[in-house]
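The values are calculated or read from the model by the stated rules, or taken from the named source; none is laboratory data. All values reported here derive from a predicted model rather than from experimental measurement. Cβ coordinates were reconstructed from backbone atoms using ideal geometry, including for glycine residues, and neighbour counts include every protein chain displayed.
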Amino acid sequence: MGAPKDDQHGWKQSIRPALILSLIFGVVAGAVVTIASTGGTENGLRFQFGFIAFLIAFVVGLVVISLLMMAVKENPDEMGRGSGVNRSSELSDEELKAAERRERNKRQGPQGH
């Protein structure tokens, strides 16, 4: 049983545009190679080369378009906050160092230096 489709994703999150463009690339490449590989008007069409070109263009187009779509995808807001490498850059370096000193002093407690 499939889940109901309550939340519709935008075109940026769908694979359908990538499939359609890749199909177009594949059909064009297959047609060009099928016709160009005949070697003249006296020879028949070479469908095997056209099919191979279709598959290569389809797969390469799908991979490239999918990677470009992932590169454009926005990150959620909560990914901008965190600690360590994912630290938010809302604080300046001086404010950050002061906050780190306060935390270090809290952990050390009332001990003498």
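Every listed requirement among (1) at pLDDT below 80; (2) more than 32 Å from the chain's Cα centre (by Cα) is met by residue 106 save one, (1). Annotation note: Cβ proximity below 9 Å between a residue of the stretch 37-53 that is on the phi > 0 side of the Ramachandran plot and a residue that is of a type outside the set (Val, Ile, Thr) (sequence gap 6+ or interchain) occurs for 39/46.
If you go through the stretch 15-52, how many residues are of a type in the set (S, T, N, Q) and either surrounded by 12 or more Cβ atoms within 10 Å (Cβ to Cβ) or closer than 30 Å to residue 74 by Cβ (or both)? Write out each step before concluding.
The initial filter retains those residues of the stretch 15-52 that are of a type in the set (S, T, N, Q), namely 22, 34, 37-38, 41, 43, 48.
Filter once more, keeping what is either surrounded by 12 or more Cβ atoms within 10 Å (Cβ to Cβ) or closer than 30 Å to residue 74 by Cβ (or both): 22, 34, 37-38.
Residues meeting the conditions: 4.
Quick one: in the stretch 80-101, which of the residues that are surrounded by fewer than 10 Cβ atoms within 10 Å (Cβ to Cβ) and in a helix (DSSP H, G or I) is modelled with the lowest pLDDT? The extreme case among them is 86. Listed conditions (1) within 19 Å of residue 72 (Cα to Cα); (2) modelled with pLDDT of 85 or more are all met by residue 12, apart from (2).
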